[in-house]
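The next block holds one structure in the form of structure tokens; read it before the comments.
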Amino acid sequence: MTDTLLAQNHHKTSRNVLMFAIPSLLGLFFFLAPLTVNGDFTFPLALMAKGFKAVLGDAILPLVTAVICLSAVISLLASVAKPSFVTQSSLLTRLFVLSPTWLVIRSLGAVFTLAALHQLGPEMFWNENTGGLVLHDLLPSLFVTFIFAGLLLPLLLNFGLLELLGTLLSKFMRPVFRLPGRAAIDCISSWLGDGTVGVILTSKQYEQKKYTAREAAVVATMFSPVGISFSLVVLTQVGLQNYFVPFYAAICLSGVVAAMVIQFLPPLSYKKDLYIDGTKPNRDDELVPQGQSAMSFGMDLALQRADKVKSLGSVAKEGIHNALDMVIGVLPVVMAIGTLGLVVAETTPLFSLLGAPFVPLLELLNVAEAQAAAQTMLVGFTDMYVPSIIAASSINAELTKFVVAALSVTQLIFMSETGSVILSSKVPINFLELVAIFVLRTLVTLPIIVAIAHLIF
């Protein structure tokens, strides 16, 4: 702490103030500034992604397919043959040298993408409710979002913004959620934009030793909800868009309770409070020294971080690497796992059988049409939109539709997108742990959502 205090004046230069202020303000603008365009709520990152998607037009599906297939082919060659030009490059090794499990998943992603694009093989893998849904409705948006999010992420990470905000918010986040203040930024970026952006931001900070394994796991599974715009789409699907304010209030309240409770339960409670390299965090680093305010100490830390940026070229290079990590590493996983999950949901009674135990619980909570609602309780693990699609066609009671729609958002983990992104990231969570967390989120948030629904309807 003494060394930090002695070093503070050295960092208080005009150059560091500008190096902190300009990129940080740009980062806040691109990721968090709310905009209204033609009556629709959005934010600059999403607007740029949407514009780029429009420019690509019909070429985007062949482009996404080419990226996924090339990723699989190069990964097979790199992982089996391990040529020297790959092994001597840390970037290429990280991108293409995979374990057997991830190699199979990436290869499956390529197969399913080709099948969905050209309608090849068994229809259950490429129809509009399975692989076709993932390829046509999800991957194009993820592709353009990953490009811009990856390129712009250093604006949030590298110039001191998180050091400042983390210090200011730690007095709230640490006692309430046992998390550093910077976790609030992950939540806000998800809330205003996209849950995948929050997961990626969390993973990068875990790699940089800003989160411990426990903190990264909690933030990724508790603080990366889908954005406001996606929530509105879900609510519109069941025809209740006029109830958006109480709907989102129910999501926020139940989500906060879930974050406070579930981290004390397995599997999150089993996660070690250690950094990615096994070292222990020093909680004294979060303490504000005597004689300083949280604002002044946070600014000192921010300027120290800005001082470490010696070249904007290196920052741009890091942004390109981020984008490549996401596009090459995540897209095939989303296609593979998302398609398999939707195939199971569409072609087997598995989720209906798993949902059967929820019938007595829903009846106890006085939810109308409990039998039909129970079928939607766990099917959201495959894709967030599936419960609302089922509810719109099979449920008449508005209260029940409200509950199904809100629950599908608060469950947070769905394998067609967020779950796959978590699995392909550095966040230390495996598939079975995701299943357990999904079930826990369902059990914790359902009674809260139902209670709010009974107040409204």
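When only Cα pairs below 8 angstrom with a gap of at least 6 residues are kept, the chain shows a relative contact order of 21 percent. Given R0 = 35 Å, the distance between the Cβ atoms of Gln88 and Arg174 translates into a calculated FRET efficiency of 0.25. A 1.4 Å probe over all protein chains sorts Asp273, Asp300, Asp137 by accessible area into Asp137, Asp273, Asp300, starting with the largest.
The C-alpha atoms of the range 349-433 occupy a region whose extents along the principal axes are 42, 22, 21 Å, arranged from largest to smallest. Membrane-span-like helices in the chain (whole DSSP H runs, Cα extent of at least 30 Å along the helix axis, mean Kyte-Doolittle hydropathy of at least 0.5): 60-81, 312-347, 431-456. Remark: the chain carries 42 Å² of accessible area per residue (probe radius 1.4 Å; ligands, DNA and RNA excluded). Nonpolar atom fraction for the chain, defined as the carbon and sulfur part of the 1.4 Å probe accessible area, stands at 66 percent. Is the shape of the range 221-376 rounded, prolate or oblate, going by the alpha carbon gyration tensor and its root eigenvalues a ≥ b ≥ c, with a/c under 1.5 for rounded and a/b larger than b/c for prolate? Cα axes put the range 221-376 in the prolate bin. Note: the chain, Cα convex hull, 156 Å³ per residue. For the range 260-364, chymotrypsin sites (Phe, Trp or Tyr not before Pro) are listed when DSSP marks them as loop and at most 16 other Cβ atoms sit within 10 Å of their Cβ; the list is Phe264.
At an R0 of 35 angstrom, the distance between the Cβ atoms of Leu455 and Gln119 translates into a FRET efficiency of 0.15. When the Cα positions of Thr202, Ala302, Leu153 are compared along the charge dipole of the chain, Ala302 comes out farthest toward the positive end, with charges on each C-beta of Lys, Arg, Asp and Glu.
Our estimate of slack between Thr236 and Thr101, defined as 0.36 nm per intervening residue step minus the Cα-Cα distance, is 44.8 nm. The value of relative contact order for the range 120-253, using C-alpha pairs under 8 Å at least six residues apart, is 16 percent.
Do the sum for the chain: with -39,500 (n - 2.57) for every DSSP H run of n ≥ 4, divided by all residues, what is the mean residue ellipticity at 222 nm, to the nearest 500 deg cm²/dmol?
Value at 222 nm, helices only: -22000 deg cm²/dmol.
Counting charges near Ser420 (Lys, Arg +1; Asp, Glu -1) among other residues having Cβ under 12 Å from its Cβ returns a value of -1.
The values are calculated or read from the model by the stated rules, or taken from the named source; none is laboratory data. It should be emphasised that the depicted structure is a prediction, and the values quoted were computed from it without experimental measurement. Reconstructed Cβ throughout: ideal geometry from the backbone, glycine too, with neighbour counts over all protein chains shown. These area figures cover heavy atoms from the full protein model, side chains too; ligands, DNA and RNA do not enter into them. Shrake-Rupley method; radii C 1.70, N 1.55, O 1.52, S 1.80 Å.
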